[in-house]
1. With springs connecting C-alpha atoms under 10 Å apart, model the chain as a Gaussian network and identify which of GLN44, GLN119, GLN172 has the largest mean-square fluctuation.
2. Over the Cα atoms of the chain, Rg to Rh with Kirkwood Rh, two decimal places?
3. Based only on Cα atoms, what Rg/Rh ratio does the range 161-227 have, Rh being taken as Kirkwood's radius?
4. Which one, TYR186, PHE19, ILE153, is farthest towards the positive end of the dipole of the chain when Lys and Arg carry +1 and Asp and Glu -1 on their Cβ?
5. Please sort by residue number the chymotrypsin sites (Phe, Trp or Tyr not before Pro) in the range 12-110 whose DSSP state is loop and whose Cβ has at most 14 other Cβ atoms within 10 Å.
6. Just flag the trypsin sites (Lys or Arg not before Pro) in the range 1-90 sitting in loop per DSSP whose Cβ has no more than 11 other Cβ atoms within 10 Å.
7. Full extension from TYR171 to ASN147: what is 0.36 nm times the residue separation minus their Cα-Cα distance, to one decimal in nm?
8. What ratio of Cα Rg to 2.2 N^0.38 Å holds for the range 77-190?
Amino acid sequence: MTLHSNRNFRFVGIIPARFASTRFPGKPLADIGGKPMIQRVYEQARKVLQTVYVATDDHRIYDCVNNFRGKVLMTSAAAKSGTDRCYEAVSQLQENFDAVINIQGDEPFIQPEQIVTLQQCFEDEQTQIATLAKIVHQTEEYDYILNPNRPKIVLNKNNEALYFSRQVIPYQRNTANEHWISNHQYFVHVGIYAYRTEILKELCSLPVSSLEKAESLEQLRWLENGYRIKVGFTTAESYGIDTPEDLEKVRKMFLGK
């Protein structure tokens, strides 16, 4: 699968992966169907991206990626976010890339089509940052968008993000909750990003913002500082793994495929 435009526009995929995690230490090395999670993510990304690196601060993850012959870079344990780790990693590379795709290390079922959609956002020369939104189907229950672990996105007419929130936005006055999804098109954020390389450098120099603190959503820092986030659309469900319980669900899904 390849992009049919922007042929001279060079992308690199970076998969930030750290061993330490409050809810699930060692998560990138968790076994899914006989392969560590980080390998599953890497192999999915390689289906569409020619150049992919894992960026880690832990020698166990570094050795794991080397063992399956993936590309890997050591980065600082001081990196505060996946975005910071991506910039630190790409800064080590001898090659120049136009854009960096930040791929979540806990999404073993990420679809190559989703990465292509992100790439296509850069066909617009004005795109600085791109991310994805899942279109919420009209048959979903209200609880689906009520979940604070599924941030919602409000868009402008150019499919750029106006705001992200863990609350349900927009609020529908004078409409019963059970009718909200059928009455309005909602979008749930899928946490994969792409940034022009020079923009990524700028983002990593920004101080934490008030909205980011309030919602615990890093992308609000970028919006507060006037950056534009282009949004592509996907119908694929996101299966991020935050806890051991999530892992067991994904393992069962994998066995059922």
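1. GLN172
2. On the way: Rg = 18.1 Å, Rh = 19.0 Å.
A ratio of 0.95.
3. Numbers: Rg = 15.0 Å, Rh = 14.0 Å.
Taking Rg over the Kirkwood Rh, I get 1.07.
4. Going by the charge dipole, the pick is PHE19.
5. Working: sites: PHE19, TYR42, TYR53, TYR62, PHE68, TYR87, PHE97, PHE109; in loops: PHE19, PHE68, PHE97, PHE109.
In loop regions of the range 12-110 (DSSP not H, G, I, E or B), the sparsely surrounded chymotrypsin sites (Phe, Trp or Tyr not before Pro) are PHE68.
6. Working: sites: ARG7, ARG10, ARG18, ARG23, ARG40, ARG46, LYS47, ARG60, ARG69, LYS71, LYS80, ARG85; in loops: ARG7, ARG10, ARG18, ARG23, LYS47, ARG69, LYS71, LYS80.
In loop regions of the range 1-90 (DSSP not H, G, I, E or B), the sparsely surrounded trypsin sites (Lys or Arg not before Pro) are ARG7, ARG23, ARG69, LYS80.
7. Gain in length upon complete extension: 7.2 nm.
8. Working: Rg = 17.0 Å, N = 114, 2.2 N^0.38 = 13.3 Å.
Output field value: 1.28.
No value in this document is a laboratory result; all are computed from the given coordinates. All of these numbers come straight from a predicted model, not from anything done at the bench. All Cβ positions, glycine included, derive from the backbone under ideal geometry; neighbour counts span all protein chains shown.
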